[in-house]
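Data first, discussion second: the structure below is written as structure tokens.
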Amino acid sequence: MAEQQRPVELILARSLIATLSTPGFLVDEEGIVVFFNDAAGLLLGVRFEEVGRMGPERWATEFGPFDENGERVPPEKVALAIALREGRPTTARYQIHSVKGVEHDIEAAAVPILTVEGTRGAMVFFWPLEEM
């Protein structure tokens, strides 16, 4: 789906995320990462422009999230997936890995987006715990 065809709520959410210094990304109703900001790119070791849209499987394979034991978090238990599926905000702590293998312990807050047309999307903001 071209950017012009996306619901205005998702376009505005992308604009908001792009201006923040807090790492964040946006998914569409299918759980596809359609954008992440430069702050998230610093943690991940790659810019959105370099990787483009990513499905949940690719995201999980390349970056995580992982639990405190280093096990991959099941997709249905990821905060972003819960916000998207259940339409409610949720938070969680995870570990993610950058493309260079650097591990980051993070706290994530996911917020659902419901458009006037009834489609869904979600935003997640996360921050490294080691800097707190």
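The values are calculated or read from the model by the stated rules, or taken from the named source; none is laboratory data. No experiment lies behind these values; they were computed from the predicted model shown. Ideal geometry is used to build each Cβ from the backbone, glycine not excepted, and the neighbour counts take in all protein chains shown. For accessibility, only protein heavy atoms count, side chains too; no ligands or nucleic acids. Shrake-Rupley method; radii C 1.70, N 1.55, O 1.52, S 1.80 Å.
Taking the criterion of being without any contact (Cβ under 8 Å) to a residue 40 or more places away in the chain, within 16 Å of Ala108 (Cα to Cα) and assigned to a loop (DSSP other than H, G, I, E, B), the residues of segment 54-65 that qualify are Phe63, Gly64.
Among the criteria (1) of a type in the set (Gly, Ala, Ser); (2) assigned to a loop (DSSP other than H, G, I, E, B); (3) open to solvent by less than 100 Å² (accessible area, probe 1.4 Å), the one Ser21 does not fulfil is (3).
Considering only segment 12-70, how many residues are in contact with a Pro (Cβ under 6 Å, 6 or more places away or on another chain) and at pLDDT 95 or above?
Final tally of qualifying residues: 2.
A count restricted to segment 82-106 and to residues that are of a type in the set (Gly, Ala, Ser), touching a residue at least 40 places away in the same chain (Cβ under 8 Å) and under 19 Å from Arg58 (Cβ atoms) stands at 1.
Criterion first (out of contact with any Phe, Trp or Tyr (no Cβ under 8 Å at 6 or more places or on another chain), assigned to a loop (DSSP other than H, G, I, E, B), open to solvent by 30 Å² or more (accessible area, probe 1.4 Å) and acidic (Asp, Glu)) does Glu68 satisfy it? For Glu68, the condition - out of contact with any Phe, Trp or Tyr (no Cβ under 8 Å at 6 or more places or on another chain), assigned to a loop (DSSP other than H, G, I, E, B), open to solvent by 30 Å² or more (accessible area, probe 1.4 Å) and acidic (Asp, Glu) - is met. Restricting the first member to segment 25-53 and to residues that are open to solvent by 30 Å² or more (accessible area, probe 1.4 Å), and the second to residues that are assigned to a helix (DSSP H, G or I), the beta-carbon pairs closer than 6 Å and six or more apart or on different chains are Arg47/Gly41. Under the condition of being open to solvent by less than 30 Å² (accessible area, probe 1.4 Å) and outside any helix (DSSP H, G or I), the residues counted in segment 79-120 number 12.
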